[in-house]
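The values are calculated or read from the model by the stated rules, or taken from the named source; none is laboratory data. Note that the coordinates shown come from a computational prediction; the quantities given were computed from them, not determined experimentally. Every residue, glycine as well, gets a Cβ built from its backbone with ideal geometry; the counts of neighbours run over all protein chains shown. Note: accessible area is taken over every heavy atom of the protein model, side chains too, but ligands, DNA and RNA are not part of it. Shrake-Rupley method; radii C 1.70, N 1.55, O 1.52, S 1.80 Å.
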Amino acid sequence: MRALKRVARPLFPALLLASALWPGRLRRRAAAGAGLVGLWSVVYARYRREGRAQTELEWNQLRTAHETAFALHYNLRVPTIEEEFDIWGAYHQHRHEMRYDLVAAEARRHLRPGAVILDVGCGSVLVADRLADVPAFYVGLDYGGHHIAYAAGKIAKASSRLRHGLLRGDGETLPLSDASVDVVVFSEVIEHLMRPERAVWELARVLRPGGVVVLTTNNASEVPLRSPLSHAFAWVEKMVAADRPDLMSLRPWIWPEPVDRSLLGLPDHAPDVYLPHTHHIPAQTQGLFRAAGLDPVSWSTFEFPPPQSATAAWLERRGPAGRRVVDRIEALCQATPGLRRMGTHLFMVFRRTDAPLPPGGPPPGLWPGPFSA
Ligand SMILES: C[S@@+](CC[C@H](N)C(=O)[O-])C[C@H]1O[C@@H](n2cnc3c(N)ncnc32)[C@H](O)[C@@H]1O
């Protein structure tokens, strides 16, 4: 029965589509077209209902997050980025390296000699590796002590024109003075934070007027991969809801796996604790940055196809040839209007205005997360 469903699901709409397009009697074509629209409407209504319920569930699950769980998880459970490459393999590393190349190229465009670049959540300092020839000063900051220790070991061996400093700290309370930084790199970090609005305020505080933030993060919905139809909905929503967050049905807020219970010493009856892995919607994220005096300069997306898709798994199995093909797919998608908005990750640039930072920190409700205050 299941196998039958798996075949019928894509086949039925494909037959209707073929019948609507096939030359011949107008009545047959109109009926097939109406059937297709009806089918899509029913499936979309269900996708939207289920997506919204899931989004609400995750938003509520995020309320279980707390600072202790955050600190233990990020210091004792999360491997360094270069250890992750060993765990996840060459395809995963290749996809990440594309992101470091993009981020470093953008940062380089804004760096003058002697500039200060701050990498918040620097991980294994892979952006710094790509800026080794720049006569600037790089500050790598991370919450995880093991990331900083690893980065220090790596930097000690590197010869580079880029001077370095490493700090263990929290992006929500930066240990740097006002207007002391020219470029902030904030790559795949904001989605982990419980109060991203506080970190954005801090970035605005430490940036000099005219300085830029280069941000990457998750783009809107996660493709649920239930059926080709619902898959398509998630893609179309990514495109249209970028400017209309209310149109987004499915917006993940948490890591699907809860924090390791043994790490927290939770008794059997205690509920699981979840940490953020928020997916961002461009218009909303731009609003958050704009409120802190960080004007949006540009935004685009990258990483096609999604890393969890069957296509990515197939390409991964092809080895080096798969990596060459995925580079072609990436270039094609990034150059195609419309599709360009649908990548798995957002790439955004913001510029610090001359306006003083609004006093009192971010206003409550500016960010829709459960800890916004
Ligand atoms: C997905 S990794 C990205 C690392 C690096 N930016 C990269 O692109 O390779 C997320 C990083 O953010 C760090 N992080 C998490 N919460 C943080 C916080 N509140 N302040 C600073 N760094 C944080 C983690 O320790 C981790 O190194």
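Data overview
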read-out: Rg/Rh (Cα only; Kirkwood hydrodynamic radius) as it applies to region 63-352; value: 0.95
read-out: Amide H partners (placed H, <5 Å) of Val134, local residues excluded; value: Arg161, Leu162
read-out: Whole-number accessible area per residue in Å² for region 1-64, which is evaluated in the context of all protein chains at 1.4 Å; value: 78
read-out: Cleavage-rule hits (trypsin sites (Lys or Arg not before Pro)) in region 307-372: DSSP loop, at most 16 neighbouring Cβ within 10 angstrom; value: Arg318
read-out: Gaussian network model of the chain, Cα within-10 Å springs - most flexible of Ala242, Ala156, Ala179; value: Ala156
read-out: Straight-distance crosslink candidates among aspartates and glutamates, where the alpha carbon sits under 18 Å from Lys154 and sequence neighbours closer than 8 are dropped; value: Glu82, Glu83, Glu84, Asp86, Glu97, Asp119, Asp129, Asp133, Asp142
read-out: Highest-MSF residue in the chain out of Pro276, Pro245, Pro258 [GNM, Cα springs under 10 Å]; value: Pro258
read-out: GNM top mover of Arg261, Arg251, Arg195 - the chain, alpha-carbon springs below 10 Å; value: Arg261
read-out: Sulfur and carbon atoms: percent of accessible area, region 63-352 [1.4 Å]; value: 57
read-out: Separation between Cα centres of region 134-155 and region 280-336, rounded to whole Å; value: 26
read-out: Mean accessible surface per residue for region 250-339, computed with a 1.4 Å probe while every protein chain stays in place, in Å²; value: 48
